[in-house]
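Heads up, the thing below is written out as C-alpha coordinates.
The values are calculated or read from the model by the stated rules, or taken from the named source; none is laboratory data. Everything numeric here is computed off the predicted structure, so don't read it as measured data. Here Cβ is always computed from backbone atoms with ideal geometry, including for glycine, and neighbour counts include all displayed protein chains. Ligands, DNA and RNA are excluded from the accessible area calculation, which covers all protein heavy atoms including side chains. Shrake-Rupley method; radii C 1.70, N 1.55, O 1.52, S 1.80 Å.
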Amino acid sequence: MALIGCAVPVSTLAVGCAPEEGLPDACAGAGIVCSVVGVGTPGANPAATTATEHPLYGPMDVAFRGDDDAFFIADWNNHQIKLVEAGLVQTVVGTDFLGDGDPDFQERIPPGVPGTTVALNHPTSLEWNDVTGRLLLPSWHNHRVREWDPATGYSLVVAADTAIDDGNGANAGFAGDGGPAADALMAFPNSIAIDPADGSFWLLPQGNTRLRWVAADFSLIDTVAGTGERGATGDGGPAIDATFHFWYADDLQPEPAGAVEHDPDRGLLYIADTVNHEIRVIDLATGLIDTLPGTGGQTLPDGQCDPDALCFPRDVELAPDGRLWIADEGNHVIRVYDPDTASLETAIGTFEPGDGPDGLPPLETMLQRPYGVDVGADGTVLVADTYNHRIRRLIP
(Lines give C-alpha, C1' and ligand atoms only; values in the text may rest on other atoms or scores of the structure.)
Protein backbone atom coordinates (compact mmCIF):
# COMPACT_ATOMS: atom_id res chain seq x y z
CA MET A 1 0.00 0.00 0.00
CA ALA A 2 1.35 3.40 -0.93
CA LEU A 3 1.72 5.75 1.96
CA ILE A 4 0.96 9.41 1.81
CA GLY A 5 1.72 12.24 4.15
CA CYS A 6 2.12 15.97 4.29
CA ALA A 7 4.94 17.52 6.26
CA VAL A 8 4.31 21.23 6.15
CA PRO A 9 3.80 23.90 8.79
CA VAL A 10 0.38 23.97 10.41
CA SER A 11 -0.07 27.54 9.18
CA THR A 12 -0.52 26.19 5.65
CA LEU A 13 -2.99 23.45 6.51
CA ALA A 14 -6.10 25.56 6.21
CA VAL A 15 -5.62 25.71 2.46
CA GLY A 16 -4.43 22.09 2.18
CA CYS A 17 -1.00 20.58 2.17
CA ALA A 18 1.00 19.84 -0.92
CA PRO A 19 2.41 16.32 -1.14
CA GLU A 20 6.11 15.79 -0.73
CA GLU A 21 8.24 14.37 -3.50
CA GLY A 22 7.21 10.80 -4.25
CA LEU A 23 3.83 11.09 -2.51
CA PRO A 24 0.50 11.10 -4.36
CA ASP A 25 -1.78 14.09 -4.62
CA ALA A 26 -4.37 12.43 -2.39
CA CYS A 27 -2.91 14.18 0.64
CA ALA A 28 -3.63 17.66 -0.68
CA GLY A 29 -6.73 19.46 0.56
CA ALA A 30 -8.91 19.60 3.62
CA GLY A 31 -11.42 17.08 4.92
CA ILE A 32 -9.35 13.93 4.33
CA VAL A 33 -7.25 11.68 6.55
CA CYS A 34 -3.55 11.06 5.83
CA SER A 35 -0.87 8.93 7.46
CA VAL A 36 1.92 11.28 8.48
CA VAL A 37 4.13 8.89 10.49
CA GLY A 38 4.51 5.13 10.32
CA VAL A 39 4.55 2.35 7.75
CA GLY A 40 1.56 0.30 8.88
CA THR A 41 3.53 -2.55 10.46
CA PRO A 42 5.32 -2.60 13.84
CA GLY A 43 9.04 -2.05 13.88
CA ALA A 44 12.01 0.18 14.57
CA ASN A 45 14.46 1.82 12.19
CA PRO A 46 16.28 4.84 13.64
CA ALA A 47 17.98 5.46 10.29
CA ALA A 48 14.61 6.15 8.63
CA THR A 49 14.19 9.78 9.60
CA THR A 50 11.52 10.62 7.00
CA ALA A 51 8.23 10.43 8.89
CA THR A 52 6.29 8.30 6.41
CA GLU A 53 9.18 5.83 6.24
CA HIS A 54 9.73 5.67 9.99
CA PRO A 55 8.25 2.56 11.69
CA LEU A 56 6.34 2.87 14.95
CA TYR A 57 5.32 0.10 17.33
CA GLY A 58 1.97 0.69 18.99
CA PRO A 59 1.98 4.50 19.34
CA MET A 60 -0.22 5.36 22.30
CA ASP A 61 -0.41 9.14 22.23
CA VAL A 62 0.41 12.21 20.21
CA ALA A 63 0.70 15.85 21.30
CA PHE A 64 1.29 19.09 19.43
CA ARG A 65 4.22 21.23 20.56
CA GLY A 66 2.23 24.33 21.44
CA ASP A 67 0.85 26.25 18.49
CA ASP A 68 3.37 25.16 15.85
CA ASP A 69 3.33 22.22 13.47
CA ALA A 70 5.69 19.94 15.38
CA PHE A 71 4.36 17.11 17.53
CA PHE A 72 5.49 14.37 19.88
CA ILE A 73 4.70 10.65 19.83
CA ALA A 74 4.68 8.17 22.71
CA ASP A 75 6.03 5.14 20.84
CA TRP A 76 4.85 2.48 23.28
CA ASN A 77 6.67 -0.70 22.31
CA ASN A 78 9.78 1.09 21.11
CA HIS A 79 10.02 2.72 24.57
CA GLN A 80 10.75 6.15 23.10
CA ILE A 81 9.39 9.67 22.82
CA LYS A 82 9.74 11.05 19.31
CA LEU A 83 9.56 14.57 17.92
CA VAL A 84 8.22 15.05 14.40
CA GLU A 85 9.12 18.35 12.78
CA ALA A 86 9.00 19.32 9.09
CA GLY A 87 8.38 15.70 8.12
CA LEU A 88 11.41 14.35 9.99
CA VAL A 89 11.53 12.17 13.11
CA GLN A 90 14.02 12.19 15.96
CA THR A 91 14.03 10.45 19.34
CA VAL A 92 14.22 12.93 22.23
CA VAL A 93 13.72 10.60 25.21
CA GLY A 94 14.48 6.89 25.26
CA THR A 95 17.10 4.40 24.17
CA ASP A 96 17.07 1.19 22.15
CA PHE A 97 16.37 -0.78 25.32
CA LEU A 98 13.60 -1.03 27.90
CA GLY A 99 14.47 0.32 31.33
CA ASP A 100 14.11 3.16 33.80
CA GLY A 101 16.49 6.08 33.62
CA ASP A 102 20.10 6.68 32.72
CA PRO A 103 22.92 4.21 33.44
CA ASP A 104 24.33 6.35 36.28
CA PHE A 105 20.98 7.07 37.95
CA GLN A 106 21.48 10.84 37.80
CA GLU A 107 18.16 11.74 36.18
CA ARG A 108 16.51 13.19 39.27
CA ILE A 109 19.40 15.55 39.99
CA PRO A 110 18.79 18.93 38.24
CA PRO A 111 19.16 19.71 35.42
CA GLY A 112 18.80 16.04 34.57
CA VAL A 113 20.54 14.04 31.86
CA PRO A 114 20.33 13.88 28.06
CA GLY A 115 16.98 12.38 27.11
CA THR A 116 18.56 9.91 24.71
CA THR A 117 20.42 8.28 27.63
CA VAL A 118 17.17 7.66 29.56
CA ALA A 119 15.64 4.21 29.16
CA LEU A 120 11.84 4.10 29.33
CA ASN A 121 9.35 1.31 29.93
CA HIS A 122 6.27 1.67 27.72
CA PRO A 123 5.55 5.43 27.61
CA THR A 124 1.83 5.94 27.16
CA SER A 125 1.09 9.65 27.06
CA LEU A 126 2.61 13.12 27.01
CA GLU A 127 1.55 16.74 27.32
CA TRP A 128 3.23 19.96 26.22
CA ASN A 129 3.26 22.65 28.90
CA ASP A 130 2.87 26.02 27.16
CA VAL A 131 3.64 27.87 30.39
CA THR A 132 7.08 26.31 30.88
CA GLY A 133 7.82 25.41 27.26
CA ARG A 134 8.64 21.86 28.31
CA LEU A 135 7.21 18.39 27.75
CA LEU A 136 5.67 16.48 30.65
CA LEU A 137 5.89 12.73 30.37
CA PRO A 138 3.94 10.40 32.68
CA SER A 139 6.21 7.34 32.66
CA TRP A 140 3.58 4.64 33.01
CA HIS A 141 5.59 1.52 33.78
CA ASN A 142 8.25 3.56 35.59
CA HIS A 143 5.71 5.04 38.06
CA ARG A 144 7.04 8.58 37.83
CA VAL A 145 6.71 11.82 35.88
CA ARG A 146 9.52 13.22 33.75
CA GLU A 147 10.03 16.66 32.23
CA TRP A 148 11.94 17.15 28.99
CA ASP A 149 13.54 20.52 28.24
CA PRO A 150 13.91 21.27 24.49
CA ALA A 151 16.52 23.95 25.21
CA THR A 152 18.94 21.39 26.64
CA GLY A 153 17.54 18.05 25.49
CA TYR A 154 17.64 16.95 29.14
CA SER A 155 15.13 14.75 30.96
CA LEU A 156 14.50 15.22 34.69
CA VAL A 157 12.38 13.15 37.08
CA VAL A 158 10.04 15.68 38.72
CA ALA A 159 7.49 13.50 40.51
CA ALA A 160 8.04 10.20 42.33
CA ASP A 161 9.87 9.01 45.43
CA THR A 162 12.85 7.30 43.81
CA ALA A 163 16.36 6.98 45.09
CA ILE A 164 19.07 7.60 42.52
CA ASP A 165 20.15 3.96 42.73
CA ASP A 166 16.75 2.30 42.61
CA GLY A 167 15.64 -0.21 40.00
CA ASN A 168 12.82 -0.15 37.49
CA GLY A 169 9.44 0.42 39.11
CA ALA A 170 10.84 -0.09 42.60
CA ASN A 171 8.68 2.50 44.28
CA ALA A 172 5.18 2.10 42.86
CA GLY A 173 2.46 2.81 45.41
CA PHE A 174 0.36 5.64 46.79
CA ALA A 175 1.69 8.23 49.25
CA GLY A 176 2.82 11.83 49.54
CA ASP A 177 -0.34 13.93 49.54
CA GLY A 178 0.26 17.35 51.04
CA GLY A 179 4.00 17.25 50.35
CA PRO A 180 6.37 17.80 47.44
CA ALA A 181 5.86 15.75 44.29
CA ALA A 182 9.41 14.43 44.60
CA ASP A 183 8.36 12.52 47.74
CA ALA A 184 5.17 11.03 46.31
CA LEU A 185 4.42 7.44 45.38
CA MET A 186 2.22 6.70 42.40
CA ALA A 187 1.24 3.69 40.30
CA PHE A 188 1.00 3.78 36.51
CA PRO A 189 0.61 7.53 35.88
CA ASN A 190 -1.17 7.70 32.55
CA SER A 191 -2.38 11.21 31.73
CA ILE A 192 -1.71 14.88 32.41
CA ALA A 193 -3.82 18.02 31.87
CA ILE A 194 -2.17 21.44 32.12
CA ASP A 195 -3.65 24.54 33.73
CA PRO A 196 -2.68 27.32 31.27
CA ALA A 197 -3.02 29.93 34.01
CA ASP A 198 0.09 28.86 35.93
CA GLY A 199 1.48 25.61 34.48
CA SER A 200 0.27 23.39 37.31
CA PHE A 201 -1.29 20.13 36.21
CA TRP A 202 -3.64 17.30 37.03
CA LEU A 203 -2.19 13.80 36.99
CA LEU A 204 -4.15 10.58 36.61
CA PRO A 205 -2.28 7.60 38.11
CA GLN A 206 -4.23 4.69 36.71
CA GLY A 207 -3.15 2.17 39.33
CA ASN A 208 -4.21 4.48 42.18
CA THR A 209 -7.73 5.01 40.73
CA ARG A 210 -7.45 8.66 41.68
CA LEU A 211 -6.81 12.10 40.21
CA ARG A 212 -4.04 14.22 41.72
CA TRP A 213 -2.99 17.88 41.34
CA VAL A 214 0.66 18.96 41.12
CA ALA A 215 1.97 22.51 41.56
CA ALA A 216 3.88 24.03 38.65
CA ASP A 217 7.14 23.98 40.64
CA PHE A 218 6.41 20.43 41.87
CA SER A 219 6.37 21.66 45.47
CA LEU A 220 2.98 20.12 46.27
CA ILE A 221 0.91 17.11 45.24
CA ASP A 222 -2.58 16.29 46.45
CA THR A 223 -5.52 14.05 45.58
CA VAL A 224 -8.54 15.90 44.20
CA ALA A 225 -10.78 13.03 43.05
CA GLY A 226 -11.26 9.37 43.78
CA THR A 227 -11.19 7.12 46.82
CA GLY A 228 -8.81 4.57 45.35
CA GLU A 229 -11.59 1.98 45.03
CA ARG A 230 -12.89 0.70 41.71
CA GLY A 231 -16.50 1.59 40.95
CA ALA A 232 -18.87 3.99 39.26
CA THR A 233 -20.19 5.98 42.18
CA GLY A 234 -20.25 9.55 43.40
CA ASP A 235 -22.14 11.47 40.73
CA GLY A 236 -23.71 14.59 42.16
CA GLY A 237 -21.34 14.68 45.10
CA PRO A 238 -17.77 15.70 45.92
CA ALA A 239 -15.24 14.35 43.43
CA ILE A 240 -13.00 13.24 46.29
CA ASP A 241 -15.67 10.66 47.24
CA ALA A 242 -16.15 9.30 43.72
CA THR A 243 -14.98 5.96 42.35
CA PHE A 244 -13.59 5.23 38.88
CA HIS A 245 -12.75 2.08 36.95
CA PHE A 246 -9.56 2.13 34.91
CA TRP A 247 -8.75 -1.60 34.77
CA TYR A 248 -10.19 -4.94 35.77
CA ALA A 249 -9.02 -6.21 39.15
CA ASP A 250 -7.99 -9.61 37.79
CA ASP A 251 -6.07 -8.19 34.83
CA LEU A 252 -2.39 -8.89 35.47
CA GLN A 253 -1.40 -7.28 32.15
CA PRO A 254 -3.53 -4.11 32.07
CA GLU A 255 -3.49 -1.70 29.19
CA PRO A 256 -3.10 2.06 29.67
CA ALA A 257 -6.45 3.62 30.56
CA GLY A 258 -7.94 6.75 32.02
CA ALA A 259 -7.29 10.28 30.80
CA VAL A 260 -7.85 13.81 32.04
CA GLU A 261 -8.39 17.09 30.18
CA HIS A 262 -8.89 20.66 31.39
CA ASP A 263 -11.49 23.08 30.01
CA PRO A 264 -10.31 26.48 31.31
CA ASP A 265 -13.19 28.44 29.81
CA ARG A 266 -15.86 26.35 31.51
CA GLY A 267 -13.80 25.58 34.63
CA LEU A 268 -14.15 21.84 34.14
CA LEU A 269 -12.07 18.69 34.19
CA TYR A 270 -13.03 15.83 31.88
CA ILE A 271 -12.00 12.28 32.81
CA ALA A 272 -12.14 9.30 30.49
CA ASP A 273 -13.50 6.65 32.88
CA THR A 274 -12.39 3.88 30.57
CA VAL A 275 -13.86 0.67 31.97
CA ASN A 276 -17.09 2.47 32.90
CA HIS A 277 -17.33 3.55 29.22
CA GLU A 278 -18.16 7.15 30.05
CA ILE A 279 -16.73 10.62 30.48
CA ARG A 280 -16.90 12.09 33.96
CA VAL A 281 -16.80 15.84 34.53
CA ILE A 282 -15.64 17.77 37.61
CA ASP A 283 -16.73 21.35 38.26
CA LEU A 284 -13.60 23.00 39.63
CA ALA A 285 -15.59 25.78 41.31
CA THR A 286 -17.75 23.40 43.37
CA GLY A 287 -15.64 20.24 43.44
CA LEU A 288 -18.67 18.20 42.35
CA ILE A 289 -18.51 15.34 39.86
CA ASP A 290 -21.01 13.98 37.38
CA THR A 291 -21.17 11.90 34.22
CA LEU A 292 -21.10 13.95 31.05
CA PRO A 293 -24.62 13.65 29.59
CA GLY A 294 -24.81 11.39 26.58
CA THR A 295 -21.49 9.60 27.11
CA GLY A 296 -22.55 6.51 29.08
CA GLY A 297 -24.72 3.48 28.39
CA GLN A 298 -22.34 0.82 27.04
CA THR A 299 -23.66 -2.68 27.77
CA LEU A 300 -21.20 -4.82 25.73
CA PRO A 301 -23.87 -7.01 24.11
CA ASP A 302 -22.46 -10.53 23.61
CA GLY A 303 -19.14 -9.15 24.77
CA GLN A 304 -18.94 -6.79 21.81
CA CYS A 305 -18.97 -3.00 21.79
CA ASP A 306 -22.29 -1.32 21.11
CA PRO A 307 -21.51 1.40 18.54
CA ASP A 308 -24.27 3.60 19.96
CA ALA A 309 -22.23 4.22 23.11
CA LEU A 310 -18.62 4.87 24.02
CA CYS A 311 -16.58 1.72 24.47
CA PHE A 312 -13.33 1.91 26.43
CA PRO A 313 -12.60 5.61 25.82
CA ARG A 314 -8.83 6.06 26.20
CA ASP A 315 -8.18 9.75 25.61
CA VAL A 316 -9.94 13.12 25.76
CA GLU A 317 -8.67 16.36 24.22
CA LEU A 318 -10.27 19.79 24.06
CA ALA A 319 -10.34 21.58 20.71
CA PRO A 320 -10.03 25.35 20.37
CA ASP A 321 -13.77 25.53 19.58
CA GLY A 322 -14.60 24.01 22.99
CA ARG A 323 -15.63 20.59 21.72
CA LEU A 324 -14.18 17.44 23.25
CA TRP A 325 -12.45 14.86 21.05
CA ILE A 326 -12.53 11.29 22.36
CA ALA A 327 -10.45 8.28 21.32
CA ASP A 328 -13.18 5.62 21.40
CA GLU A 329 -10.75 2.71 21.24
CA GLY A 330 -13.21 -0.18 21.51
CA ASN A 331 -15.31 1.14 18.64
CA HIS A 332 -12.27 1.96 16.46
CA VAL A 333 -13.42 5.55 16.02
CA ILE A 334 -12.74 9.10 17.11
CA ARG A 335 -15.79 10.92 18.52
CA VAL A 336 -16.55 14.58 19.13
CA TYR A 337 -18.68 15.74 22.05
CA ASP A 338 -20.31 19.17 22.05
CA PRO A 339 -20.84 20.34 25.66
CA ASP A 340 -23.31 23.00 24.54
CA THR A 341 -25.72 20.48 22.99
CA ALA A 342 -24.69 17.30 24.86
CA SER A 343 -24.35 15.62 21.47
CA LEU A 344 -21.85 12.92 20.54
CA GLU A 345 -20.84 12.47 16.91
CA THR A 346 -18.45 10.21 15.07
CA ALA A 347 -15.61 12.23 13.52
CA ILE A 348 -13.22 9.58 12.13
CA GLY A 349 -13.65 5.87 11.55
CA THR A 350 -16.09 3.27 10.24
CA PHE A 351 -16.55 1.16 13.43
CA GLU A 352 -14.80 -1.69 11.61
CA PRO A 353 -11.17 -2.31 12.59
CA GLY A 354 -8.80 -2.09 9.67
CA ASP A 355 -6.14 -0.18 7.84
CA GLY A 356 -7.69 1.09 4.65
CA PRO A 357 -6.15 3.53 2.18
CA ASP A 358 -5.31 7.09 3.10
CA GLY A 359 -6.74 10.11 1.34
CA LEU A 360 -10.34 9.25 2.21
CA PRO A 361 -13.00 11.31 3.99
CA PRO A 362 -12.88 10.72 7.75
CA LEU A 363 -16.03 8.58 7.94
CA GLU A 364 -14.60 6.27 5.28
CA THR A 365 -11.21 5.92 6.97
CA MET A 366 -10.64 2.72 8.93
CA LEU A 367 -8.81 2.84 12.25
CA GLN A 368 -7.71 0.04 14.54
CA ARG A 369 -7.93 0.63 18.29
CA PRO A 370 -6.90 4.31 18.43
CA TYR A 371 -5.60 5.22 21.89
CA GLY A 372 -4.67 8.89 21.51
CA VAL A 373 -5.85 12.10 19.90
CA ASP A 374 -4.81 15.75 19.90
CA VAL A 375 -6.16 18.91 18.29
CA GLY A 376 -3.97 21.77 17.14
CA ALA A 377 -4.56 25.49 17.41
CA ASP A 378 -6.04 25.59 13.90
CA GLY A 379 -8.26 22.53 14.44
CA THR A 380 -5.92 20.03 12.80
CA VAL A 381 -6.45 16.59 14.38
CA LEU A 382 -3.76 14.00 15.05
CA VAL A 383 -4.70 10.40 15.89
CA ALA A 384 -2.52 7.71 17.39
CA ASP A 385 -3.86 4.83 15.29
CA THR A 386 -2.29 2.42 17.71
CA TYR A 387 -2.80 -1.02 16.21
CA ASN A 388 -2.10 0.26 12.71
CA HIS A 389 1.20 1.65 14.03
CA ARG A 390 0.58 5.03 12.42
CA ILE A 391 -0.13 8.66 13.21
CA ARG A 392 -3.05 9.96 11.14
CA ARG A 393 -3.90 13.58 10.44
CA LEU A 394 -7.22 15.23 9.57
CA ILE A 395 -7.03 18.70 8.08
CA PRO A 396 -10.18 20.72 8.87
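Data table
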{"quantity": "Region 116-209, dipole about Cα centre (Lys/Arg Cβ +1, Asp/Glu Cβ -1), debye to the nearest 20", "calculated": "240"}
{"quantity": "Given charges at beta-carbon only (K, R positive; D, E negative), |dipole| of the chain in Debye", "calculated": "360"}
{"quantity": "Linear extension gain, Asp149 paired with Asp306, 0.36 nm per residue minus alpha-carbon span", "calculated": "52.3 nm"}
{"quantity": "Neighbour net charge for Gly236 - beta-carbon separation under 14 angstrom, K R +1, D E -1", "calculated": "-3"}
{"quantity": "Computed over the chain: relative contact order in percent, which uses C-alpha pairs under 8 Å that are six or more apart", "calculated": "14"}
{"quantity": "Whole-Hz ³J(HN,Hα) from phi, Karplus 6.51 cos²θ - 1.76 cosθ + 1.60, for region 185-198, glycine and proline x", "calculated": "10, 8, 10, 6, x, 10, 7, 9, 10, 8, 8, x, 6, 9"}
{"quantity": "Mean Cα-pair separation over length for region 44-192, i.e. relative contact order, pairs under 8 Å, 6 or more apart, %", "calculated": "17"}
{"quantity": "Cα gyration tensor, the chain - rounded (a/c under 1.5), prolate or oblate", "calculated": "oblate"}
{"quantity": "Label point at Thr233 placed 7 Å out along Cα→Cβ; residues across region 264-293 whose backbone nitrogen lies under 16 Å", "calculated": "289-290"}
{"quantity": "Heavy-atom accessible area order for Phe188, Phe244, largest first, 1.4 Å probe", "calculated": "Phe188, Phe244"}
{"quantity": "Residues with amide H under 5 Å from that of His389, placed H, sequence gap 5 or more", "calculated": "Gly58"}
{"quantity": "Longest site-free stretch - the chain; sites: GluC sites (Glu not before Pro), DSSP loop, at most 13 other Cβ within 10 Å", "calculated": "22-228"}
{"quantity": "For region 348-372 and region 259-306, distance of Cα centres in Å", "calculated": "24"}
{"quantity": "Region 61-70 - phi-based ³J(HN,Hα) in whole Hz, Karplus 6.51/-1.76/1.60, Gly and Pro as x", "calculated": "8, 8, 8, 5, 8, x, 9, 8, 8, 6"}
{"quantity": "Rel. contact order, % - alpha carbon contacts under 8 angstrom, at least six apart, region 167-284", "calculated": "19"}
